[in-house]
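Have a look at the structure below, then the notes.
The values are calculated or read from the model by the stated rules, or taken from the named source; none is laboratory data. Predicted model only: the values in this text are computed from it and were never measured. Note: ideal-geometry Cβ built from the backbone for every residue, glycine included; neighbour counts use all protein chains shown. What goes into the accessible areas is simple: the full protein's heavy atoms, side chains included, and nothing from ligands, DNA or RNA. Shrake-Rupley method; radii C 1.70, N 1.55, O 1.52, S 1.80 Å.
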Amino acid sequence: MTKLLIDGKEVDVPAEFTLLQACEAAGAEIPRFCYHERLSIAGNCRMCLVELKGSPKPVASCAWGVRDCRPGPNGELPEVSTKSPMVKKAREGVMEFLLINHPLDCPICDQGGECDLQDQAMGYGIDTGRFKENKRAVEDKYMGAVIKTSMSRCIQCTRCVRFTTEICGVPELGATGRGEDMEITTYLEGALTSELQGNLADICPVGALTSKPYAFTARPWELNKTESIDVTDAVGSAIRVDTRGREVMRILPRVNEAINEEWISDKTRHVVDGLRVQRLDRPYVRDNGRLREASWAEALATVAARVKAADGKRIGALAGDLAALEEMFALKDLMGRLGSVNLDARQDGSLVDPKWGRATYIFNPTIAGIEEADALLIVGANPRKEAALVNARIRKRWRSGALKVGVIGEQADLTYKYDYLGAGPDTLAEVASGKNAFATVLKNAKNPIVLIGAGALARRDGVAVGSLAARIAAECGALAEGWNGFAVLQNAASRVGAFDIGFTPGGGLTTAQMTTFGTLDVLFLLGADEVTVADGTFVVYIGTHGDRGAHRADVILPGAAYTEKSGLYVNTEGRLQLACRAAFPPGDAREDWAIIRALAEQLGHRLAYESLAELRHALTAAAPHLAAIDAIAPGSADDVRKLAALGGTPEKSAFASPVADFYLTNPIARASATLAECSSLMSTGRRLTAAE
């Protein structure tokens, strides 16, 4: 630790701190444009100037290390001033220079109200400028479907360049020219290809890079802000949902160091327009092969009539990828009263059985724990497509130079270098037997992780593959005291929660069996849109969008999207999270648990809860480990060892990621025009330019 005197206050800070960090530790507010806590230091905006005693001129606090501060001639502590007349004059001079070429178009800028330059100009700007020359104008650049550019506003802070290079791992932005001719560009003006590019709008301190889909729609002071979590994948990123009236206007990230830091994926951010279109806002009943509008009473009566006429053993229920714990618990309760055990939430056909133990289906080392790992084996997964924020965390650890990565499966661009070991279970068996060189890397590592994707467990030989991966984890030291390195990367927000409450067959029919011709008379689809149900089954669809499940349905009961209800979810690391209501369902749509309760009453099976609070009380009574929000109930390493003992002979076929298109993985995303355009740009296999 190093002692400094900052504005007359003595502070003790680590020697590796910069002066800017030391000043903030002392409670001083330092303005900045180029500096960002998660990016490398550029030191090119000079707004963070401070006075260092003994220095002939102000110093850039973001680029000056605490260890570089010299004591006084008699051993006095290094003295820093952040409020002296020299500092004030220096910062005002920097601001004056920044505003020479800035167009000052605040009234028409989407960054208005959230602009760092605007805010700091209030403190350090002056009412008139001394420069009368014409302002520099820069042509706007095309960067794809997500980012809108107004490059005349750019102050060359290079945050965007460093973000795409360091965090995204896709170095597609850079600077060309020098001095007045310097421009930030994608060189050939092609669309950006990172799944995290939407964060550029957040880190840009001026209005040069803004959100294209959100352009000219609302001002920040018009919006109501609700803290929630994302459910488009199993990561559970912390988000803020901004609404105006009944409409969701945008989704922004919240800081959560344990999961997403301060980033979110483009699917999370730009799924917004999918919440507005193709919505189911009233019940429908199929007559003579065509769906027609119906009242709630008629729709529920139609379902009740078919259910009462069916044997309980020929009734089944499938839960979709976006289902919350409450509605799955209520549906399981109803199915039990009807005498059915045909439940499943594994639309992908996964063979994971919650009876194996919680450690066999969660990301045991946790997402933040990746930063402690020194060896990582990825089996049958593409983290970049399946969990973009997990992939960003892996890249962050890899950039530190302390992580070695091996991949068995698809040979894809993961934004970091790795040892490609092979394509299928044969290679996995080689690692397990120690014949592969990467087995030595794992054994020599202090905190190794064996990451297995949901796709590898959804194969016919999923049990054998999972057992082999668990065996590697057990033998390489990944199941040590204080460290469980067996990590299952789920790709559906509902999956871990469904396993926790037992929404799995348990002796009943699996997803594949329930969707086969002749096995069921009635099938409930709780937002299940990733399956194809054979003819001959009466299908009741409870969901939000007119997707595959609704097209197949005989009765449609409109539900609420994740932004329109309060719901509990469990992310891939087993963390219980709460999604809060930010808006209300459209038309006659209702919350899913309330629909199930009303249906149960119509069937003569009154459920024991009449409110969401009572439902959650019953839920936590059945699953006590789901009582604490934002807490992880850890799995036992013994469960992983039991999985390793199951054995089995895997097939020869290569592993494949279950996510073919990152942008279109759920019904809300498939309804989004923005994500459809992103998908189109990516599917071409090349970076389209504006002219194309």
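Quick notes on this one:
- Qualifying residue in segment 116-124 (condition: of a type in the set (Phe, Trp, Tyr) and in a loop (DSSP other than H, G, I, E, B)): no
- Residues in segment 162-189 that are surrounded by 19 or more Cβ atoms within 10 Å (Cβ to Cβ) and touching a Lys or Arg at 6+ places or on another chain (Cβ under 8 Å): Ile167, Gly169, Glu172, Ile184, Thr185, Thr186.
- Candidates Ala528, Ala493, Ala553, Ala473: the one that is under 24 Å from His625 (Cα atoms) and buried (at least 23 other Cβ atoms within 10 Å of the Cβ) is Ala493.
- Flag if Ala145 is open to solvent by less than 30 Å² (accessible area, probe 1.4 Å) and either part of a loop (DSSP other than H, G, I, E, B) or in contact (Cβ under 8 Å) with a residue 40 or more places away in the chain (or both): yes
- The strands (runs of 3 or more DSSP E) located wholly in segment 495-605 that include 1 or more residues which are farther than 22 Å from Arg282 by Cα and in contact (Cβ under 8 Å) with a residue 12 or more places away in the chain occupy 567-570, 576-579.
A quick yes/no check of all residues on (1) buried (at least 18 other Cβ atoms within 10 Å of the Cβ); (2) among the acidic types (Asp, Glu); (3) over 16 Å from Gly527 (Cα atoms); (4) modelled with pLDDT of 95 or more:
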position: Leu557; (1), (2), (3), (4): yes, no, no, yes
position: Thr563; (1), (2), (3), (4): yes, no, no, yes
position: Glu573; (1), (2), (3), (4): yes, yes, yes, yes
position: Pro585; (1), (2), (3), (4): yes, no, no, yes
position: Arg597; (1), (2), (3), (4): yes, no, yes, yes
position: Glu601; (1), (2), (3), (4): no, yes, yes, yes
position: His617; (1), (2), (3), (4): no, no, yes, yes
position: Thr620; (1), (2), (3), (4): no, no, yes, yes
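- Sole residue being open to solvent by 30 Å² or more (accessible area, probe 1.4 Å) and touching a residue at least 40 places away in the same chain (Cβ under 8 Å), chosen from Asp374, Asp413: Asp374
- Subset of segment 80-93 (residues that are open to solvent by 20 Å² or more (accessible area, probe 1.4 Å) and either part of a helix (DSSP H, G or I) or at positive phi (or both)): Pro85, Met86, Lys88, Lys89, Ala90, Glu92, Gly93
- Some residue of segment 299-312 being within 22 Å of the chain's Cα centre (by Cα) and either open to solvent by 10 Å² or more (accessible area, probe 1.4 Å) or modelled with pLDDT under 95 (or both): no
- Pair list, Cβ under 7 Å, 6 or more apart: segment 190-211 residue farther than 22 Å from Asn44 by Cβ, other residue assigned to a helix (DSSP H, G or I) and small (Gly, Ala, Ser): Glu195/Ala388; Leu196/Ala388; Leu196/Ala392; Ser211/Gly198; Ser211/Ala201
- Test: Gly144 is on the phi > 0 side of the Ramachandran plot and touching a helix residue (DSSP H, G or I) at 6+ places or on another chain (Cβ under 9 Å): yes
- Listed by position, the helices (runs of 4 or more DSSP H) inside segment 419-486 whose residues that are out of contact with any helix residue (DSSP H, G or I) (no Cβ under 9 Å at 6 or more places or on another chain) number at least 1 are 425-433, 437-444.
- The set of residues in segment 378-410 that are under 20 Å from Leu39 (Cβ atoms), open to solvent by 30 Å² or more (accessible area, probe 1.4 Å) and outside any helix (DSSP H, G or I) comprises Ser400, Gly401, Ala402.
- Scanning segment 333-360 for residues that are charged (D, E, K, R) and closer than 15 Å to Leu603 by Cβ gives Asp333, Arg337.
- Among the residues listed as Thr217, Thr226, the single one being open to solvent by 10 Å² or more (accessible area, probe 1.4 Å), in a loop (DSSP other than H, G, I, E, B) and in contact (Cβ under 8 Å) with a residue 12 or more places away in the chain: Thr217
- Subset of segment 25-50 that is outside any loop (DSSP other than H, G, I, E, B) and modelled with pLDDT of 95 or more - its residue that is least open to solvent (accessible area, probe 1.4 Å): Val50
- Scan of segment 94-130 for residues that are under 25 Å from Gly179 (Cβ atoms), open to solvent by 60 Å² or more (accessible area, probe 1.4 Å) and within 39 Å of the chain's Cα centre (by Cα), ordered by number: Phe97, Leu104
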